[in-house]
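Everything below concerns the one structure shown next.
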Amino acid sequence: MFTTVLFYILAVILIIAGARVITATSPVTAVLHLILTFFTASMLWMLLGAEFLALLLVLVYVGAVMVLFLFVVMMIDITPANLRSGFKTYLPLGLVVGGVMVLEIAFVLGNMYLGSGPSISMPADYDNTRELGIALYSRYSYAVQIGAVTLLVGMIAAIALTLRERRNRKYVTSDQQLHVKASDRLKMVNIPSQREVPTAEDQDVKPAGEGK
């Protein structure tokens, strides 16, 4: 019973946080709610007994991708005064999101270790990481390849959109590098040595202790 109630509570939080991601006017607010969305989804996977997927979602998306997104959003305006004011503005929301995440993981872990455990019972020798690998590379192999190609296209598109044409840039083609010769890079110049002739000022200046 407690597992069912906890599932519906997490589902409601997930829906509300996901809706706030697309309805929030501030990008920082949207990013904080997106972190809460990912974390709540990982807790739902934990209830289903998919611990590997839950930890992977927290480590990869919440711990890396979302931190990078938040860093980029905060670096849009790098004025120190604006950064300090923004920190004070979003501090209550950050504390609320962090508190909800702490409560979620406390209830989920308490249900697993002190309550009835996962909602789906598995055999003792069941390994969800192994089953996930088998499913990804056998049943859903084409979907994984399509997802990889989609990410590659997105990466190339992001590079193409942010690329700026620069004038006065210097570059060397590979054909020129292959046909270069040593004489093009190094030139030996024979400069004859010359003896320096002392001037009148040099003759007037004498070392200390001389001229007595």
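Relative to the current alpha-carbon distance between Met1 and Val100, full extension at 0.36 nm per residue lengthens the span by 33.5 nm. On the basis of the beta-carbon distance and an R0 of 22 Å, Val21 and Leu91 show a calculated FRET efficiency of 0.65.
In this label model, Val189 and Ala64 are separated by 5.3 nm, measuring between points 7 Å along each Cα→Cβ vector.
Put a dot 7 Å past the Cα of Leu136, heading toward its Cβ, do the same for Thr150, and the two dots end up 1.5 nm apart.
Karplus-based coupling profile of the stretch 128-143, in residue order and whole Hz: 5, 5, 5, 5, 5, x, 4, 5, 5, 9, 10, 6, 10, 5, 5, 5, with θ = phi - 60° in 6.51 cos²θ - 1.76 cosθ + 1.60 and x standing for Gly or Pro. Applying the Karplus relation 6.51 cos²θ - 1.76 cosθ + 1.60 with θ = phi - 60° to the stretch 51-68 yields 3J(HN,Hα) values of 5, 5, 5, 5, 5, 5, 5, 5, 5, 7, 8, 6, x, 10, 5, 5, 5, 5 Hz, where x marks Gly and Pro. Cα centroid separation, the stretch 45-62 to the stretch 150-164: 29 Å. The mean of 1/r over all distinct Cα pairs in the stretch 125-165, once inverted, gives the Kirkwood hydrodynamic radius of 12.3 Å.
Since every read-out is calculated from the coordinates, none of them should be taken as a lab result. Since the structure is predicted, the reported quantities are computational estimates derived from the model, not experimental observations. Every residue, glycine among them, receives a Cβ derived from its backbone with ideal geometry; neighbour counts consider all protein chains shown.
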